[in-house]
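Participant: The structure's right below; bear with me while I get my questions together.
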Amino acid sequence: MIGGPDRGRRAAALRLARLVALVTPLALLGGAYIGQFAFGLFPCEMCWWQRYAHFTALGLALVALVLRESRAIVGLAAFAIAVSGAIGAFHAGVEYRWWQGFTACTSTAAAGDDPLAAIMNAPLVRCDTAPWDLLGVSLAGWNFLFSGAAALAIVILLLRSRETGIREMGR
């Protein structure tokens, strides 16, 4: 049988890598937007940087679903997820005052009839203050943990999807 069970395992590993690359940014962006619109947790500038990386990962994961040979694209999605996690780690360090951030704060203004009033009444969102935490870990910290774990899982799955198998090489 050509390929045999190893080929099936490699294909399954690639399918799972694609799924993790899709679900991770989708879930983390979904959580971020629920926090923003349902609970008033407005994003600071560094939060947006993390979201941009997840938007990129999500787009790449969607492309990987369409293309047959998508290992490289899934790898790029894993890289984008890892970048978001790295930004989350940096952001969490700023929130915990372990180091100083690049920015002090940002603001979100809603569109309306009077742009100046919207800007002046917009909430000030600081990058160095965690607006919410769970078990002492901020949202940026959770992004680091989930994104880092997902990126690592995707890389491991991609490596498994390309293994030729030591038993096959010895024959």
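The values are calculated or read from the model by the stated rules, or taken from the named source; none is laboratory data. Every value quoted in this text rests on a predicted model; they were computed, and no experiment measured them. Ideal geometry is used to build each Cβ from the backbone, glycine not excepted, and the neighbour counts take in all protein chains shown.
Participant: Only residues that are under 13 Å from PRO131 (Cα atoms) and either surrounded by fewer than 18 Cβ atoms within 10 Å (Cβ to Cβ) or hydroxyl-bearing (Ser, Thr, Tyr) (or both): list them for segment 42-60, please.
Facilitator: Answer for segment 42-60, where residues must be under 13 Å from PRO131 (Cα atoms) and either surrounded by fewer than 18 Cβ atoms within 10 Å (Cβ to Cβ) or hydroxyl-bearing (Ser, Thr, Tyr) (or both): just PHE42.
Participant: Do we find a residue being in a helix (DSSP H, G or I) and within 24 Å of VAL155 (Cα to Cα) anywhere in segment 41-49?
Facilitator: Yes; the residues of segment 41-49 include at least one that is in a helix (DSSP H, G or I) and within 24 Å of VAL155 (Cα to Cα).
Participant: Still on this structure: Out of ALA77, ALA13, ALA92, which single residue is assigned to a helix (DSSP H, G or I), surrounded by 17 or more Cβ atoms within 10 Å (Cβ to Cβ) and at pLDDT 95 or above?
Facilitator: On the way: ALA13 fails: at pLDDT 95 or above; ALA92 fails: at pLDDT 95 or above.
Just one listed residue meets the conditions, ALA77.
Participant: Same structure, new question: Those residues that are at pLDDT below 90, loosely packed, with under 15 Cβ neighbours inside 10 Å and of a type in the set (A, V, I, L, M), I need them from segment 138-171; list them, please.
Facilitator: ILE166, MET169
Participant: If I ask for residues that are aliphatic (A, V, I, L, M) and either in contact with an Asp or Glu (Cβ under 6 Å, 6 or more places away or on another chain) or farther than 15 Å from GLY93 by Cβ (or both), which ones from segment 141-160 would you list?
Facilitator: Here is the first cut: in segment 141-160, the residues aliphatic (A, V, I, L, M) are 145, 149-159.
Residues satisfying the conditions are ALA149, ALA150, ALA151, LEU152, ALA153, ILE154, VAL155, ILE156, LEU157, LEU158, LEU159.
Participant: Among the numbered conditions (1) over 21 Å from PHE37 (Cβ atoms); (2) at pLDDT below 60; (3) among the β-branched types (Val, Ile, Thr), tell me where THR108 comes up short.
Facilitator: (1)
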